[in-house]
Amino acid sequence: MRAITDITAIRGAITVEHNDEQEIAEATRELMSEIAQKNDLGSSEKKIISILISTTADLTSKYPAAILRGMGYSDSALFSSLEPPINNSLSMCIRLMVNVASYGGTLEPKHVYLKNARVLRPDLI
């Protein structure tokens, strides 16, 4: 059995324009695909152990966890939550926190913020 050398949290967020089932599904796929690609999550040296999902209350047409399951993330624990309603906060937003175990070295996370969610992390632009 291989020993875990590191556990890393990779964060990301994306916004949509409308509370639309297809748009939420496409945005979820885009965000997770970008996180996986930038962090080389297809490597045998890395395993996704869980994905935490949060959405703003204005997104009710599609459940992002179902999209992630459809993308093949069925071996990872998924947990969904609702962002608290905060005055003047970013709306129409999907956030992910992908927890990854590494089996050989340390993973330096490459966080991904797309579309209007870029305002959440101006240090990454």
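Taking all protein chains into account, the per residue accessible area for region 46-125 stands at 56 Å² (1.4 Å probe). Beta bridges per DSSP, both residues in the chain: antiparallel share near 70 percent. Of Leu90, Leu68, Leu114, the residue with the greatest mean-square motion in the GNM of the chain, using alpha carbon springs below 10 Å, is Leu90. Could you give the angle, 0 to 90 degrees to the nearest 10, between helix 21-38's Cα long axis and the longest principal axis of the Cα atoms of the chain? Helix 21-38 and the main axis of the chain meet at about 30 degrees.
How much of the accessible area of region 36-97, probe 1.4 Å, is carbon plus sulfur, in whole percent?
Working: 1850 of 3500 Å².
C and S fraction of accessible area: 53 percent.
Close amide H partners of Tyr63, meaning residues 5 or more places away or on another chain with modelled amide H under 5 Å apart, do not exist here. Charge tally around Asp40: other residues with Cβ under 15 Å, Lys/Arg +1 each, Asp/Glu -1 each, net 0.
Which trypsin sites (Lys or Arg not before Pro) from region 1-97 combine a DSSP loop assignment with at most 11 other Cβ atoms within 10 Å?
Numbers: sites: Arg2, Arg11, Arg29, Lys38, Lys46, Lys47, Lys62, Arg69, Arg95; in loops: Arg2, Lys62.
Those satisfying the criteria are Arg2.
Taking a point 7 Å from the Cα of Gln37 along the Cα-to-Cβ direction, the residues of region 93-125 with backbone N closer than 14 Å to it are 112-115. Amide H contacts for Val112 (H built 1.01 Å from N in the peptide plane; partners 5 or more residues away or on another chain; cut-off under 5 Å): Arg11, Gly12, Ala13. Over the chain, the reciprocal of the mean inverse Cα-Cα separation, the Kirkwood hydrodynamic radius, stands at 14.9 Å. Summing charges over neighbours of Thr8, with a neighbour being any other residue whose Cβ is under 14 Å away from its Cβ, gives +1 when K and R count +1 and D and E count -1.
For the chain, what does -39500 (n - 2.57) per DSSP helix run (n ≥ 4), summed and divided by total residues, give at 222 nm, in deg cm²/dmol to the nearest 500? Walk me through the intermediate numbers first.
Details: 2 runs with 25 residues, N = 125.
Roughly -6500 deg cm²/dmol at 222 nm, from the helical runs in the chain.
Using the Cβ-Cβ distance between Ser102 and Leu82 with R0 set to 35 Å, the FRET efficiency works out to roughly 0.70. Straight Cα distances below 23 angstrom link Lys46 to the lysines Lys38, Lys110, with same-chain residues fewer than 8 positions distant left out. Projected onto their three principal axes, the Cα atoms of region 1-47 cover extents of 45, 17, 16 Å, largest first.
Of Ala65, Ala27, Ala57, the residue with the greatest mean-square motion in the GNM of the chain, using alpha carbon springs below 10 Å, is Ala57.
The values are calculated or read from the model by the stated rules, or taken from the named source; none is laboratory data. The structure displayed is predicted, hence computed values, not measured ones. Cβ coordinates were reconstructed from backbone atoms using ideal geometry, including for glycine residues, and neighbour counts include every protein chain displayed. The accessibility values were calculated without ligands, DNA or RNA, using every heavy atom of the protein model including side chains. Shrake-Rupley method; radii C 1.70, N 1.55, O 1.52, S 1.80 Å.
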